[in-house]
1. Just wondering, is there one or more residues in region 23-40 that are assigned to a strand (DSSP E or B) and not small (Gly, Ala, Ser)?
2. Looking at region 76-110, which of the residues that are in a loop (DSSP other than H, G, I, E, B) and under 18 Å from the mean Cα position of the chain (by Cα) is surrounded by the most Cβ atoms within 10 Å (Cβ to Cβ)?
3. Condition first: touching a residue at least 12 places away in the same chain (Cβ under 8 Å) and farther than 16 Å from Thr1 by Cβ. Now tell me which residues in region 37-52 satisfy that.
4. Kindly establish whether Ser119 is surrounded by fewer than 10 Cβ atoms within 10 Å (Cβ to Cβ), free of Cβ contacts under 8 Å to residues at least 24 places away in the same chain and over 19 Å from the mean Cα position of the chain (by Cα).
5. Residue under question is Gln69, and the condition is that it be surrounded by 14 or more Cβ atoms within 10 Å (Cβ to Cβ), of a type in the set (S, T, N, Q) and within 17 Å of Arg13 (Cα to Cα); does it hold?
6. Name the pairs: first residue in region 98-111 and under 11 Å from Leu73 (Cβ atoms) and free of Cβ contacts under 8 Å to residues at least 24 places away in the same chain, second residue surrounded by 10 or more Cβ atoms within 10 Å (Cβ to Cβ) and of a type in the set (Ser, Thr, Tyr), Cβ to Cβ under 6 Å, at least 6 apart or on different chains?
7. Scan region 54-83 for residues that are hydrophobic (A, V, I, L, M, F, W, C) and touching a strand residue (DSSP E or B) at 6+ places or on another chain (Cβ under 9 Å) and jot them down.
8. Of everything in region 12-35 that's within 24 Å of Leu104 (Cα to Cα) and in contact (Cβ under 8 Å) with a residue 24 or more places away in the chain, which residue is surrounded by the fewest Cβ atoms within 10 Å (Cβ to Cβ)?
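Values in this text are rule-based calculations from the coordinates and carry no lab data. Predicted model, so just to flag it, every value in this text is computed and none were measured. We place every Cβ from the backbone using ideal geometry, glycine too, and count neighbours over all the protein chains shown.
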Amino acid sequence: TVHANTTRDALSRLEQMVGMAGFPMTIQSVRTQIASAIRLVIQLQRLSDGKRRIVSISEITGIESDVIQMQELFRFNRVSTSETGEIQGHFQATGVRPKFLADLAARGLTVPAAYFDPSKQL
């Protein structure tokens with residue numbers, strides 16, 4: 001578990017933790033290790049109604065020019081707040097299909113294309 005404000009911020013926190021642990025690694029090496037070891041970053045957030053919700057799921061797609069590449073796959077869309085203060089909303093795809101789908105298919109797992117359709121609420 002890493003505490004961070006965004007999925008991108010979580011990666012920066014991981015870099016900091018490696019540095020604080022005293023491992024003799026360059027930042028390039030740390031980022032390469034993170035990019036090769038982690039596929040998904042899932043962000044939970046405590047909303048104003050006190051409930052914890054998944055608000056973002058991002059895929060790490062690699063590293064380019066010392067920058068870890070990410071793409072958001074799903075996000076929580078807040079619609080309203082009920083009279084009792086409960087947050088109303090839905091989870092929605094961004095329309096980006098993850099790069100790891102081919103790996104899943106090679107293992108016999110299929111994910112319906114509709115899961116990645118941004119016009120549908122999940």
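1. Within region 23-40, one or more residues are assigned to a strand (DSSP E or B) and not small (Gly, Ala, Ser).
2. My answer is Pro98.
3. Within region 37-52, Arg39, Leu47, Ser48, Asp49, Lys51 qualify.
4. yes
5. Values: surrounded by 14 or more Cβ atoms within 10 Å (Cβ to Cβ): no; of a type in the set (S, T, N, Q): yes; within 17 Å of Arg13 (Cα to Cα): yes.
Spelling it out, it is not the case that Gln69 is surrounded by 14 or more Cβ atoms within 10 Å (Cβ to Cβ), of a type in the set (S, T, N, Q) and within 17 Å of Arg13 (Cα to Cα).
6. If the second residue must be surrounded by 10 or more Cβ atoms within 10 Å (Cβ to Cβ) and of a type in the set (Ser, Thr, Tyr), no pairs are left.
7. Ile54, Val55, Ile57, Ile60, Ile63, Ile68, Met70, Leu73, Phe74, Phe76, Val79
8. Applying the filter and picking the extreme gives Thr32.
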